[in-house]
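Since the structure comes first, as structure tokens, the remarks are kept for the end.
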Amino acid sequence: LLGPAVPAAGVLVVGNKVDLLPADGPGHLGRLRRSVSAACAGAGLRGAALVDIRLVSAKTGYGMEGLVSRLQRSWRCAGDVYLLGATNSGKSTLFNTLLRSDYCKSRAPDIVDRATVSPWPGTTLNLLKFPVINPTCDRIFRRQERLKEEATKTEDELSSDEKKYLNHLKKQGYLVGRVGRTFQRQKPSTVVDFDPDALSYSIDEDPVHSPKKCEKKEEFTQNEIKDARWCFDTPGIVKEDCVLNLLTEKEVKLVLPTVAIIPRTFILKPGMTLFLAALGRVDYLQGEKSAWFSVVASNMLPVHITTLSNADAIYEKHAGGELLKVPMGGEERMKEFPPLVPQDITLKGIGTTEAVADIKLSSAGWVAVTAHAEEELLLRAYTPKGTALVVREPPLLPYISTIRGARIVGTAAYRTKKPPSFVENLKTTGSR
């Protein structure tokens, strides 16, 4: 969330990390935006209080130039802006990206400390801030000219460093953007201090090295900050029913996806069970036909398929071990870890290419369920005691089961398939 200090100005909602989710079909971003809008309405945020909803990736830069333009149009310099949100929502990465964008005064990146990016809650302990640039008519015009010029380039016209960086981002996420600066600060030329006395010494003595002078940290002038508006990063809000609260820092790093999620789809018959690590479990109890279960979670989390009759024994034997991976630490770790608690779920299929619902296993990920039209399914899902299990209807990515390769012979799994990445505001090579 981005919100100014002036209550009447409202809230701008930012859906971050959109680069991690694959496009399951045409218009997937529109569906994601509608889902965020519904969540805002459910939380009582609607009407004039909701300035806009923006889908971005602070990490890969997707949507960030559009966000900066929207911020400047909405509030200009009407008040201070606060970045609010849950832990691990990417607020600190968003702060750092805005810091090096046209939203920030040009000299500020050399003065302001960057926010520490960490998966561990409470990392941002102080209110870091940077001064917001005043978007005068001249600055907005110059910025628009830069964006137009950059949008006419193809990937072949980029420098080798830019190409290398873009290829790196493509491996990280599906949606990639470029965040530039229109207003560059003029760097002063480097002046080398020459001290002849420090270089003069006799053959009987060692050279005398004068102590290095402490470089004085740059600070804002009074004129720069007297009427400044500020953008603040704030400590993350810890959700009470989140599975991440139960995990160690090493385990959190495995659970939180940091690169593009590759969906994993399995076809299950009644009487089969799916484990997502040891953090979630879905049993297919009753149904007439097979159904498809698509896992959307960190690529580091293992998925294990077994029969319902063996599921309890598998969990008892392998929770805390390498097969299920998270939690880790063996029997001693599992003694203190909350037991899995069940919740029965009834669903009715709508077709073999469209999921009917997502079973959200707290913050470990979710399982999209796709079944034959009018087919009734009885499922039982589990998450650790004290964490949230949510059935999301309609699903976030309804056509996710179609992103798959051929069936792996002799197993319930399909080969995985990673969709191509898309670079925002860059012409396709050869389109001229």
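The values are calculated or read from the model by the stated rules, or taken from the named source; none is laboratory data. Since this is a predicted model, take the numbers as computed values, not measurements. No Cβ is skipped: glycine too gets one built from the backbone with ideal geometry, and neighbour counts run over all protein chains shown. Just the protein is used for accessible areas: all its heavy atoms, side chains included, with ligands, DNA and RNA removed. Shrake-Rupley method; radii C 1.70, N 1.55, O 1.52, S 1.80 Å.
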Simple label model, 7 Å out from Cα along Cβ direction - Cys137 to Thr258, nm:
4.8
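How much length would be gained if the chain were fully extended between Glu162 and Leu323, taking 0.36 nm per residue of separation minus their Cα-Cα distance, in nm to one decimal?
Working: separation 161, 0.36 × 161 = 57.96 nm, distance 4.03 nm.
That works out to 53.9 nm of additional length.
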Which FRET efficiency value, to the nearest 0.05, do you get for Ile305 and Arg34 by plugging their Cβ-Cβ distance into 1/(1 + (r/R0)^6) with R0 = 25 Å?
0.15
Convex hull projection area averaged over all views, region 318-432, Cα basis, nm²
11.6
Any chance you could give the angle, 0 to 90 degrees and rounded to 10, that helix 28-42 forms with the longest Cα principal axis of the chain?
90
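Which whole-number percent is the relative contact order of the chain (Cα, under 8 Å, 6+ apart)? Write out the running numbers ahead of the final one.
On the way: 854 pairs, mean separation 77.3, N = 432.
18 percent.
Tell me whether region 245-419 comes out rounded, prolate or oblate; compute the Cα gyration tensor, take square roots of the eigenvalues as a ≥ b ≥ c, and use a/c under 1.5 as the rounded threshold.
Working: a/c = 1.63, a/b = 1.42, b/c = 1.15.
Judged from the Cα gyration tensor, region 245-419 comes out prolate (a/c at least 1.5, a/b above b/c).
Sorting Asp110, Asp227, Asp358 by accessible area (1.4 Å probe), largest first, what list results?
Order by accessible area, largest first: Asp227, Asp110, Asp358.
State which entries of Lys289/Lys418; Lys59/Lys269; Lys129/Lys153; Lys317/Lys348 exceed 31 angstrom in Cα-Cα distance in the structure shown.
As for pairs spanning more than 31 Å Cα to Cα, those are Lys59/Lys269; Lys129/Lys153; Lys317/Lys348.
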From the P(r) of the chain, could you give the percentage of C-alpha pairs in the tail past 29 Å?
55
Which FRET efficiency value, to the nearest 0.05, do you get for Lys153 and Thr352 by plugging their Cβ-Cβ distance into 1/(1 + (r/R0)^6) with R0 = 41 Å?
0.45
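Reported to two decimal places, what Rg/Rh ratio describes region 332-391 when computed on Cα atoms with Rh from the Kirkwood expression? Walk me through the numbers before you get to the answer.
Values: Rg = 13.8 Å, Rh = 12.6 Å.
Expressed as Rg/Rh, it is 1.09.
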